[in-house]
Amino acid sequence: MAGMNVQPSLPIAAPGADPHPYTRLTPDAVLDALAAVGLYGDGRLTALSSYENRVYLIHLEDPFEGHQAVVAKFYRPGRWSREQILEEHAFAADLMAQDVPAIGPLRLAGETLHSAEGFLFSVSPRRGGRAPELYDFEVLEWIGRFLARIHTVGSARPFAARGALDLQTFAIEPRDWLLASGMIPPDVEGAWRSAINIAIDLIAKHVDLTLDTGQKRSKIRLHGDCHPGNILWTPAEQPGAGPHFVDLDDARMGPAVQDLWMLLSGDRGQQTAQLDALLEGYRQFRDFDTRELALIEPLRTLRLIHYSAWLARRWRDPIFPINFPWFGSRDYWQGQVDMLHEQIEALQSEPLACY
């Protein structure tokens, strides 16, 4: 019935089916992997919040290069190739070489990327911090300065293997995959298909996000997922004060504004004020092409579309049904239709402006 929250019929692995690869990643397997690269845990191991990969905080028996604890990241099999992960590591190294406060992997036995139990993994130093106070314009200005420095490094050379943030990858392919998957309830599918097609047509008017034009403005290496949870903030009175950027797992080629818009919230007036504060800092180190402001709503819509496909594709991973129990219901998909209609309106509205 129309108002009922009917639970989804999603492809959860049946008894006796091949288990998800992450079921092999036991605490002993994690500690053995670290021991193989010369790091020995003291038995304290904590799983950190991460859905795409598996990430663990491991305390060491003996400090390594002054680190009492490290963070091990085991990459999701099949998502990135070795070459693509090494590009992420090279980007982090480029940033740190320019004193940009990014957290990159440690070099162990001469390498930053290792393998164990069929997983690729890296080990990084632990970095503490709290969420940035984005209502504070001084904090936003500070973040803006460092984003400009990230983009200056990012513009020095392109990614060769990691691809770009574009319409095909983040909207057209996910749309086609979801429609073929049978996961959308039949009584909602038509409305969802109609709304997403209108949204895609509107996004396609922005040549910066399509692949079929030679008139695109330059794309640069980006953080790619620069939401507040990926910024660790150290207060001004402490050593290493300011923002530290973590998790380059979604780094891609794309427009600079991708790393700014997820830091904006509230109504149009509030977002405009926040944007002005970010750009006040950004422009101290790098010019910003204000034409990219017209990409904010298209980029927001791409993220909305991609998110549904991401959840659906990860559903066999046991952590997803536990943490996203609402996914796949009729109410979920009707909510996506409603949000797409909101985005269609936003896509046809005047973009944010800055002073």
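Answer yes or no as to whether GLU138 is assigned to a helix (DSSP H, G or I), over 28 Å from PRO298 (Cβ atoms), assigned by TED's automatic domain parsing to the domain that holds PRO228 and not small (Gly, Ala, Ser).
yes
Just to check your reading of the model, which residue among THR234, THR290 is more than 16 Å from the chain's Cα centre (by Cα), closer than 16 Å to ILE103 by Cβ and among the β-branched types (Val, Ile, Thr)?
Selected residue: THR234, the only one of THR234, THR290 that is more than 16 Å from the chain's Cα centre (by Cα), closer than 16 Å to ILE103 by Cβ and among the β-branched types (Val, Ile, Thr).
From the list ARG162, ARG157, which one is in contact (Cβ under 8 Å) with a residue 40 or more places away in the chain, touching a helix residue (DSSP H, G or I) at 6+ places or on another chain (Cβ under 8 Å) and of a type in the set (Lys, Arg)?
ARG162
For the subset of the stretch 250-282 comprising residues that are outside any loop (DSSP other than H, G, I, E, B) and charged (D, E, K, R), which member is nearest to ASN53 (Cα to Cα)?
ASP259
So which residues in the stretch 25-61 are out of contact with any Phe, Trp or Tyr (no Cβ under 8 Å at 6 or more places or on another chain) and more than 24 Å from GLY110 (Cβ to Cβ), if there are any at all?
Hits for the stretch 25-61 are THR26, PRO27, ASP28, ASP42, GLY43, ARG44, SER49, SER50, GLU52, LEU57, HIS59.
May I ask you to list the residues in the stretch 290-349 that are of a type in the set (A, V, I, L, M, F, W, C), under 25 Å from ARG76 (Cα atoms) and part of a helix (DSSP H, G or I)?
Of everything in the stretch 290-349, those that are of a type in the set (A, V, I, L, M, F, W, C), under 25 Å from ARG76 (Cα atoms) and part of a helix (DSSP H, G or I) turn out to be LEU299, LEU302, LEU304, ILE305, ALA309, TRP310, LEU311, ALA312, ILE319, PHE320, ILE322.
Please specify each residue of the stretch 162-203 satisfying the condition of being touching a Gly at 6+ places or on another chain (Cβ under 7 Å) and within 19 Å of ASP250 (Cα to Cα).
ALA164, LEU165, THR169
Name the residue that is modelled with the highest pLDDT, counting only residues in the stretch 38-60 that are hydrophobic (A, V, I, L, M, F, W, C), surrounded by fewer than 16 Cβ atoms within 10 Å (Cβ to Cβ) and out of contact with any Ser or Thr (no Cβ under 8 Å at 6 or more places or on another chain).
For the stretch 38-60, the residue satisfying everything is ALA47.
Among the residues of the stretch 154-194, write down those that are assigned to a helix (DSSP H, G or I) and either in contact with a strand residue (DSSP E or B) (Cβ under 8 Å, 6 or more places away or on another chain) or assigned by TED's automatic domain parsing to the domain that holds ALA92 (or both).
GLY154, the sole residue that qualifies.
Quick one: HIS114 ticks every box in (1) under 30 Å from GLY269 (Cα atoms); (2) modelled with pLDDT of 95 or more bar one, so which box is it?
The failed condition is (1).
For the stretch 329-340, give me the residue count where each residue is closer than 12 Å to ALA191 by Cβ, in contact (Cβ under 8 Å) with a residue 40 or more places away in the chain and within 24 Å of the chain's Cα centre (by Cα).
Qualifying residue count for the region: 4.
Taking the options ALA236, ALA256, name whichever one is at pLDDT 95 or above and not assigned by TED's automatic domain parsing to the domain that holds ALA102.
ALA256
Might you check whether a residue that is closer than 16 Å to GLU350 by Cα and modelled with pLDDT of 95 or more occurs anywhere in the stretch 276-291?
No, the conditions are met nowhere in the stretch 276-291.
How about the stretch 141-170: which of its residues are charged (D, E, K, R) and within 16 Å of LEU302 (Cβ to Cβ)?
The one that is charged (D, E, K, R) and within 16 Å of LEU302 (Cβ to Cβ): ASP166.
Need pairs with beta-carbon distance below 6 Å; first residue assigned by TED's automatic domain parsing to the domain that holds SER155 and free of Cβ contacts under 8 Å to residues at least 60 places away in the same chain and within the stretch 277-301, second part of a helix (DSSP H, G or I) and surrounded by fewer than 19 Cβ atoms within 10 Å (Cβ to Cβ); sequence gap 6+ or separate chains.
GLU297/ALA346
Consider SER122 carefully, then state whether it is under 20 Å from the mean Cα position of the chain (by Cα), assigned to a strand (DSSP E or B) and either modelled with pLDDT of 95 or more or outside the structural domain of GLY38 (by TED's automatic domain parsing) (or both).
yes
Looking at GLU88, is it outside the structural domain of VAL246 (by TED's automatic domain parsing), surrounded by 21 or more Cβ atoms within 10 Å (Cβ to Cβ) and either assigned to a helix (DSSP H, G or I) or touching an Asp or Glu at 6+ places or on another chain (Cβ under 9 Å) (or both)?
Against the criterion (outside the structural domain of VAL246 (by TED's automatic domain parsing), surrounded by 21 or more Cβ atoms within 10 Å (Cβ to Cβ) and either assigned to a helix (DSSP H, G or I) or touching an Asp or Glu at 6+ places or on another chain (Cβ under 9 Å) (or both)), GLU88 qualifies.
The values are calculated or read from the model by the stated rules, or taken from the named source; none is laboratory data. Just so you know, these numbers come straight off a predicted model, no measurement behind them. Positions of Cβ are backbone-derived with ideal geometry, glycine not excepted, and every protein chain shown enters the neighbour counts.
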